[in-house]
Amino acid sequence: MFDDDEARRAILDLRQKIEAVRADSEQKSADLQRLMAEESAQLRRSLVELQNQLETSRVENARLRGQVEQLTKDVADVQRKQKDSAQSWEDRLRKLEPMKISWEGRDFLVEVAEKRDFDAALAVFRKGDFAVAESLFSDFLIRYTNSGFRPSALYWTGSAQYATKDYKNALTNFRLLVQQSPDHQRAPEALLALANCLLELKDAKGGKKTLEELLSTYPSSEAASAAKDRLARLK
């Protein structure tokens with residue numbers, strides 16, 4: 001059996017062991033809490049860093065999307081401008097390309113400017129401004145020497161000159177038409193006008209001979225009918 005001192009020592013020893021265990025347990029608990037706190041803080045820092053990275057990525061993605069959208073718009077604008085430019089060039093080239101027309105019994109190719117100038121001169125003649133029309137047609141004959149409109153331009157130049165009583169020059173243009181294009185639709189009318197010029201110039205013999213040539217060369221033309229009447233009056 002233990003005496004009282006031994007019992008007390010045993011109790012104190014047990015108490016010290018219990019205190020030691022408790023202190024150790026508390027230290028371990030404190031260490032564990034500190035470790036958990038550190039890990040928790042590290043986790044929070046990692047989460048914050050990850051969130052910042054995600055936000056940076058979101059902003060960068062938004063910026064890239066904006067750039068892509070702008071590039072897409074720019075490409076679309078460039079393509080549209082290229083298409084418009086190509087269409088514009090095609091339209092311009094088309095306007096410059098020769099066109100095929102039928103005029104006074106003939107088919108031929110003309111340039112856009114050529115047709116425009118001829119039409120403008122003819123419009124002036126039809127308005128009765130014969131002096132200006134003569135100038136326009138004369139200029140046309142100089143600038144478009146090989147034009148399919150040439151026989152017609154000679155005819156209208158002579159007609160404008162006849163209207164202004166410039167019979168000598170009118171005679172020259174009518175004669176050129178008959179000589180250069182005897183098969184032209186206007187040739188019989190030009191021959192009749194040539195005869196009229198000679199008669200206006202008091203060349204009755206030349207006028208009569210020209211009317212007879214008209215009857216012989218173009219007997220079925222309307223101009224030939226007029227020539228018959230004119231010859232009858234000359235006899």
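Quick notes
- Filtered residues of the range 208-235 (kept if polar (S, T, N, Q), under 52 Å from the mean Cα position of the chain (by Cα) and open to solvent by 70 Å² or more (accessible area, probe 1.4 Å)): Thr217, Ser220
- Residue within the range 169-177 that is of a type in the set (Phe, Trp, Tyr) and open to solvent by 70 Å² or more (accessible area, probe 1.4 Å) present: no
- Test: residue in the range 145-158 that is assigned to a loop (DSSP other than H, G, I, E, B) and either in contact with a Lys or Arg (Cβ under 9 Å, 6 or more places away or on another chain) or within 20 Å of Lys209 (Cα to Cα) (or both): yes
- Pairing each residue of the range 184-205 that is touching a residue at least 40 places away in the same chain (Cβ under 8 Å) with any residue that is open to solvent by 20 Å² or more (accessible area, probe 1.4 Å) and among the aromatic types (Phe, Trp, Tyr), provided the two are 6+ apart or on different chains, yields C-beta distances under 8 Å for Arg186/Tyr155.
- All positions within the range 122-144 that are in a loop (DSSP other than H, G, I, E, B) and crowded, with 18+ Cβ neighbours inside 10 Å: Tyr144
- Which listed residue, of Lys115, Lys165, Lys205, is assigned to a loop (DSSP other than H, G, I, E, B), open to solvent by 30 Å² or more (accessible area, probe 1.4 Å) and not β-branched (Val, Ile, Thr): Lys165
- When Leu192 is tested against (1) among the aliphatic types (A, V, I, L, M); (2) more than 19 Å from Thr172 (Cα to Cα); (3) under 53 Å from the mean Cα position of the chain (by Cα), just one condition goes unmet, and that condition is (2).
The values are calculated or read from the model by the stated rules, or taken from the named source; none is laboratory data. This one's a predicted model, so the numbers in the text were calculated from it and none came from an experiment. Cβ atoms come from the backbone with ideal geometry, glycine included; neighbour counts cover every protein chain shown. For the accessible areas, the whole protein counts, side chains as well, though only heavy atoms, and no ligand, DNA or RNA atoms are used. Shrake-Rupley method; radii C 1.70, N 1.55, O 1.52, S 1.80 Å.
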